[in-house]
1. Take the residues of the range 76-104 that are surrounded by 10 or more Cβ atoms within 10 Å (Cβ to Cβ) and of a type in the set (Lys, Arg): which is modelled with the lowest pLDDT?
2. Might you let me know whether the range 57-80 holds any residue that is in a helix (DSSP H, G or I), more than 28 Å from residue 27 (Cβ to Cβ) and of a type outside the set (Ser, Thr, Tyr)?
3. Give the residue, chosen from 56, 15, that is under 37 Å from the mean Cα position of the chain (by Cα), farther than 21 Å from residue 67 by Cα and either modelled with pLDDT of 90 or more or outside the structural domain of residue 70 (by TED's automatic domain parsing) (or both).
4. List pairs: first in the range 45-59 and small (Gly, Ala, Ser), second surrounded by 11 or more Cβ atoms within 10 Å (Cβ to Cβ), Cβ under 7 Å, 6+ apart or cross-chain?
Amino acid sequence: MSKIIDTGRGILAEIKIYLARANSYFVIINSGMLIFLLLSKLQEFGFNINIQNYFIPSFLASISGALIIGYLDTRWGFFREEAKRNTHRNPYLMQISEDVQQILKRLDNIEKDSIHKPNEVVETTSSGASKQE
């Protein structure tokens, strides 16, 4: 039963990843539909707008505006800060971060021990274990 749940969870996670990737394409399509809707409403309110002439330039202008906003977002560091904060919420990355912190503490302790014992030579064997003389 546990294996079935794990398999189902994995499949659901894959589906969510694919949907999240597809979402960015839906946003582009949706922006095109919103531009079309805006132009058609403006035409209904009496503006002299030919949708066929204004749709492509309006759509390209909206995509260009989105690109500029995305560039500024990245340039000003909002994307980096958002990614950093999302990383802190990821349980796997938190475990990796904790493991790295433990390794760094061990390395600091080894470094402190080697400073206090300058005559002691520590060699590593081919298996990676340390051998003291």
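The values are calculated or read from the model by the stated rules, or taken from the named source; none is laboratory data. Everything numeric here is computed off the predicted structure, so don't read it as measured data. Every residue, glycine among them, receives a Cβ derived from its backbone with ideal geometry; neighbour counts consider all protein chains shown.
1. If we take residues in the range 76-104 being surrounded by 10 or more Cβ atoms within 10 Å (Cβ to Cβ) and of a type in the set (Lys, Arg), then 84 is modelled with the lowest pLDDT.
2. No - not one qualifying residue is present in the range 57-80.
3. 15 is the lone residue from the list that is under 37 Å from the mean Cα position of the chain (by Cα), farther than 21 Å from residue 67 by Cα and either modelled with pLDDT of 90 or more or outside the structural domain of residue 70 (by TED's automatic domain parsing) (or both).
4. Note: pairs meeting the criteria are 58/35; 58/39.
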